[in-house]
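> Dumping the structure here so I can ask a few things about it.
The values are calculated or read from the model by the stated rules, or taken from the named source; none is laboratory data. Worth saying up front: this structure is predicted, and the values here are computed from it rather than measured. Reconstructed Cβ throughout: ideal geometry from the backbone, glycine too, with neighbour counts over all protein chains shown.
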Amino acid sequence: MPLSHCPKCGFNPLPPSTPSCPQCQVIFAKARPPIVFVDPPRRFERQRAWLKAMLFELEEDKVNPYFFAGRALVYVTFLAWGLYFVTRTLSSGEVMRSWWHGVDLVFHEAGHTIMGMLFGEFIMFLGGSLFQLLVPFVVAIAFLRQRDPFGASIGLWWVGQSLMDLAPYIGDARALELMLLGGGTGKEIEGHDWEYLLGKLGLLRYDRVLAYAAHYIGAALILLALAWGGWMLYKQSRRLGVDVNA
């Protein structure tokens, strides 16, 4: 659309299709950049392509029968474990009695120590649960940076499992009946992490709501991770010419 006046000095009227102002000599193309209309569906095309490659592209150096067999064995193991976790109820507390709880507990306690040395009391109490979730998240990101989506799906599985593992702990904030690492319940040692955290935030009455949210979000992440890892295995089987329906 032609300009009716100079955007710099206001000179009016301007001669038709003039490239510069007759009065101040400003060049219109430099004074006012042309408006470029970007097609919204194409605006993030490069970002979408990068994300798709990052999440679903096969690593060419790992497309071989040995990696496929190893990954298939890993997948079946985590599939069985994942289905066990997602079919447990929050009230049963069985997720916290699994072998994997011991793995989570190592990082949970390390989080208290590390965060306690660096930050204040609130972050020290939060640090256990935060570190328990942060470690598997970092594992997933590390695999993605190595262009290994299947490995990243196992990291995501662990994030979901860790969240489910924390759910009974969160839900026990008021009852304080959960047996803790020291051998006593929250009542016997005058509280625990989530009783302190939710109390400080004024959310103690929502402990069960937050626990169920953690439980079901964790279960959803496990199922998502299994679907992601399964899809990557399927793509690798197609590349190798394996008949997965045989």
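> Scan segment 190-211 residue by residue and report those that are part of a helix (DSSP H, G or I) and exposed (fewer than 14 other Cβ atoms within 10 Å of the Cβ).
Lys200, Leu201, Arg205, Val209 - these are the residues of segment 190-211 that are part of a helix (DSSP H, G or I) and exposed (fewer than 14 other Cβ atoms within 10 Å of the Cβ).
> In addition: Pick from segment 177-189 the residues that are surrounded by 15 or more Cβ atoms within 10 Å (Cβ to Cβ) and hydrophobic (A, V, I, L, M, F, W, C): which of them is farthest from His108 (Cα to Cα)?
Step by step, filter segment 177-189, then rank; the result is Leu178.
> Of the numbered conditions (1) in a helix (DSSP H, G or I); (2) loosely packed, with under 13 Cβ neighbours inside 10 Å; (3) modelled with pLDDT of 90 or more; (4) not acidic (Asp, Glu), Phe107 fails exactly one; give the number of that condition.
Going through the list (1) in a helix (DSSP H, G or I); (2) loosely packed, with under 13 Cβ neighbours inside 10 Å; (3) modelled with pLDDT of 90 or more; (4) not acidic (Asp, Glu), Phe107 breaks only (2).
> Among the residues of segment 56-73, write down those that are under 22 Å from the mean Cα position of the chain (by Cα) and exposed (fewer than 15 other Cβ atoms within 10 Å of the Cβ).
Once the filter is applied, which keeps residues that are under 22 Å from the mean Cα position of the chain (by Cα) and exposed (fewer than 15 other Cβ atoms within 10 Å of the Cβ), segment 56-73 yields Phe56, Glu57.
> Could I ask something else about it? Going by the conditions given, is Met124 part of a helix (DSSP H, G or I), of a type outside the set (D, E, K, R), assigned by TED's automatic domain parsing to the domain that holds Leu221 and in contact with a His (Cβ under 7 Å, 6 or more places away or on another chain)?
yes
> Can I ask one more? Tell me the helices (runs of 4 or more DSSP H) entirely within segment 5-100 that contain at least 2 residues that are within 30 Å of Asp165 (Cα to Cα), of a type in the set (A, V, I, L, M, F, W, C) and modelled with pLDDT of 80 or more.
45-56, 65-86
> Something else now. Among the residues of segment 141-153, what is the count of those that are among the hydrophobic types (A, V, I, L, M, F, W, C) and surrounded by 22 or more Cβ atoms within 10 Å (Cβ to Cβ)?
Of the residues in segment 141-153, 2 are among the hydrophobic types (A, V, I, L, M, F, W, C) and surrounded by 22 or more Cβ atoms within 10 Å (Cβ to Cβ).
> Tally the residues that are within 25 Å of Val86 (Cα to Cα) and either outside the structural domain of Gly93 (by TED's automatic domain parsing) or touching a helix residue (DSSP H, G or I) at 6+ places or on another chain (Cβ under 6 Å) (or both), restricting the search to segment 193-216.
Residues meeting the conditions: 8.
> For segment 137-158, state whether one or more residues are of a type in the set (Gly, Ala, Ser) and not in a helix (DSSP H, G or I).
no
> Tell me which residues, restricted to segment 173-189, are in a loop (DSSP other than H, G, I, E, B) and β-branched (Val, Ile, Thr).
Listed by number, the list holds a single entry, Ile189.
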